[in-house]
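Take a look at the structure below.
Derivation of every value follows stated rules applied to the coordinates shown; laboratory data play no part. Just so it is clear, the structure is predicted and the values come from calculations on it, not from any experiment. Virtual Cβ from ideal backbone geometry, glycine too; neighbours counted across all protein chains shown.
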Amino acid sequence: MLNPGTYLQDRYEILEKIGSGGMSVVYKARCHTLNRLVAIKVLKEEFASDENFVSKFKMEAQAAARLSHPNIVNVYDVVDEESLHYIVMELIEGITLKSYIEKKGFLESKEAIGIAIQVAQGIAAAHEHHIIHRDIKPQNMIISRDGKVKVADFGIARAVSSQTIGSNAVGSVHYISPEQARGGYCDERSDIYSFGITLYEMVTGKVPFEGDNTVSVALAHLEDPVVPPGEYHAEIYPGLEDIILRCTRKKPDRRYPSMEEVIRDLRRVLMDPDCDIYSTEEAKEEADLSQTRPITRGELSQINDLHRRRDRNGREEEETEEKTEPAREETELAEDEDGEFPVQEVFSEEMPGKAAKERKRPSHKKGPQRKNAGRKSEDDMSTQFERIITVIGIVAAILVVVVVVFVFSRLTGLFWPGSGQTQPQTETAAEASSTEEIQISLSDTQTEMPDVLNLPQDMAESKLKEYSLVMKVTGEEYSDNYEAGRVMRQDVDAGSTVEKWSTVGVTISKGSDRVDVKSLGLSNMDQKKAETLLKEKGLSVSIKEAASDTVAKGKVISWSTDEAKAGDTIELTVSTGPAAVQGQVPTLVGTDASEADSLLKAAGLVTGTVTYDSDPSKPQGQVLTQSELPGTMLEPQSSVDYVVNDSSQASQQAAETQAKTGDEGKYYVGSIDATCSLSNYIGPASQTSSVRILIRLKQKDPNDANTYVYTNLISPRLVVGSQDVPVVFSRIKGAYGVDSGTVEVVDADNDKVIQSWPVSFFPAG
């Protein structure tokens, strides 16, 4: 068995098991090459080493791969991979015709014809390629969600050849043709028979032959006549009943010769439910004199005389012979192999069937009954009348004899030995015996209700079928005691006696209604995705927004509870991005010190450390640099440092520094006026609205040319919303004796350089 997640040929990913047959297991899979869902039928391990099974499996694949039709499941690939043999085929999302019939009980004639035409078209396409399905049944027909019907599982199909005759009967016993049951020659007409049985089940909800075992069912196909479907449902179209009865004739040569003719008649009946299918058939047969010829009045008289003599002289022999010889389905006037016309065929089975049909079913059209109009000649009517009179006479004679024998026996006590006093006791025993017989007869129509609790739905359905019962899902409920998909309740107690083929209602568990919200991985999940996931679990969702510096906008920050049950409401807290700050850093460079202080105050910020430097090219008292970038958002009352151009104050600072450190205070200076673009870090491309950056100077160490020294010009700061950041420094202090360097804008979270510029340095004056 293949587990979900397994890859075949590095292409097909197994998703789940969806079915199992006698030889193979079917999986739902995804083809990553073509990005589509497929069905993969894998030969079971126990058969993979059997050459016969492998051969049959390959034959199935080769036969099915030749077929391409809208009403046939397509085969995409056939693979032999060491000991693994499998077929890749079209995945049909839908329901089998068998399940559809069971859910509806039976189909109305119009709907049944619509489905049957599609099935027939698929079978006809296979027959055109000389491929016989050999296992036509509702289980092998899939109705897709868009109403398309496809024939599946050409598991035992093979090309028509001389090798078609085999000793083993292949096919499902309830739908098998008589020639298949005998292990004889099978051709396209075998599929037509099975199609007729399938159509029979569609309109009646049952198959025509049932039995205690496969042998008894197979014998019924060989010997027992098919009960007209109109006996079960009078509203069946007469024309449709004719088609079914012709498809299911015992002799292949009496069935439809091809599926194309079946399709033709189905379309006729769809347009005219009361059309006379048999009249067309009889016209063809009368035209073919090599197969059928009319019987003359003289021949008919001889046959009737022979039949009367057999009734008088050999009734007992006839009864014995009747028990030993199987009933014949076809009773049309057909010539035997030796050229004789069998007596049994004179009493045509078609006529009583048609007459019964006319009696029991209302006509769909006004006017004369379709079976009686213009069908029989005067000679035929006369023959029927003579036959009826003969039968009535025989029955009347038998009744007279029975009455006489009964009266005589009552008077003489022939059948009641002893005195009249013991007679009531004997009658009581007879009554008891009769009661016993009735009870036994009733038991044949009843069965014991099995226990299907805690069984998976498909297994429960199969078990009920074994007991001749039909399962109906009456509802689905949550349960902590039963896994999802298992039967949690049956409306008939196990062990009860129920009628065969009655419907048993079951309730299917939906599994526990408790949801482990914590295990769903909602943290940092997109809001819409989180809502969809929770709703699939049967939960309602409410949204609350909150700012977050760590969780991107539109992502889940938290949720209200870690455990819930179906129907509960989960409150999701979704990020609106970083919290907005009130202080926006103004542009201080180029202003004087007093103006800089006023700008900071107006922005809700305060003046930080003020230092001095000397730049002869700039006005005295002008701000040369600032510690925070213009436009940066800061918390209220945050401090901002800046440098003022003042040579006297700069000299004093240098002297103070020299006094403290002993350093000569010598340095080189440089400048830069540029703009850094953050479009790849802020905005739609990055799906973020902020980034932490720092600006630094990179120079070689004066004492070691292989080492770099970094000096922060701007400490790490969060930039929100702005995509363009000015990089303006009119006086950058560099290492003494180093005439070059690089100014870098860096992502402070990962030390990645966003943008950089070369800067030249000159000795300070």
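Filter the cross-link list Lys28/Lys104; Lys618/Lys666; Lys17/Lys472; Lys472/Lys518; Lys465/Lys510 down to pairs whose alpha-carbon distance in this structure exceeds 29 Å.
The pairs that break the limit, which is 29 Å between Cα atoms, are Lys472/Lys518.
Where in the stretch 52-76 does the label zone of Ser144 land, with the point 7 angstrom along Cα→C-beta and an amide N cut-off under 15 Å?
68-76
Given the Cα-Cα distance of Val215 and Ser756 and 0.36 nm per residue of separation, how much length would full extension add, in nm?
Going from the current span to full extension adds 185.8 nm.
Using the per-residue mean of other Cβ atoms lying within 10 Å as a proxy for protection, in what order, highest first, do the peptides 545-554, 199-208 fall?
In decreasing order of mean packing, 545-554, 199-208 become 199-208, 545-554.
Could I have the simple spin-label model distance between Thr445 and Leu84, label points 7 Å from Cα toward Cβ, reported in nm to one decimal?
5.4 nm
What translational diffusion coefficient, in µm²/s and rounded to a whole number, does the Stokes-Einstein relation yield for the stretch 7-90 at 4 °C and a viscosity of 1.567 mPa s, taking the hydrodynamic radius as the Kirkwood radius over Cα pairs?
99 µm²/s
Here is the link list: Lys44/Lys463; Lys98/Lys463; Lys103/Lys148; Lys463/Lys537. Which ones come out longer than 21 Å on Cα distance?
Lys44/Lys463; Lys463/Lys537
Can you list residues from other chains, or at least 5 along the same chain, whose modelled amide H is less than 5 Å from the amide H of Met525?
Val556
If you count, for each residue, the other Cβ atoms within 10 Å and average over each peptide, how do 632-641, 120-129 line up from highest to lowest?
120-129, 632-641
Could you work out how much longer the chain between Lys565 and His233 gets when fully extended? Use 0.36 nm per residue separation minus the Cα distance between them, nm to one decimal.
114.7 nm
By average Cβ neighbour count within 10 Å, what is the ranking of 504-512, 32-40 from highest down?
Listed from highest to lowest mean packing, they are 504-512, 32-40.
Using 0.36 nm per residue, how much length does the chain from Ser558 to Asn712 gain when fully extended, once their Cα-Cα distance is taken away?
Stretched out fully, the Ser558 to Asn712 stretch lengthens by 51.7 nm.
Take Arg486, Arg264 and order them by how many other Cβ atoms sit within 10 Å, fewest up front.
Arg264, Arg486
Along Cα→Cβ, 7 Å out, is where each label goes; now give me the distance between the ones at Arg268 and Thr6 in nm to one decimal.
Modelled inter-label distance: 5.2 nm.
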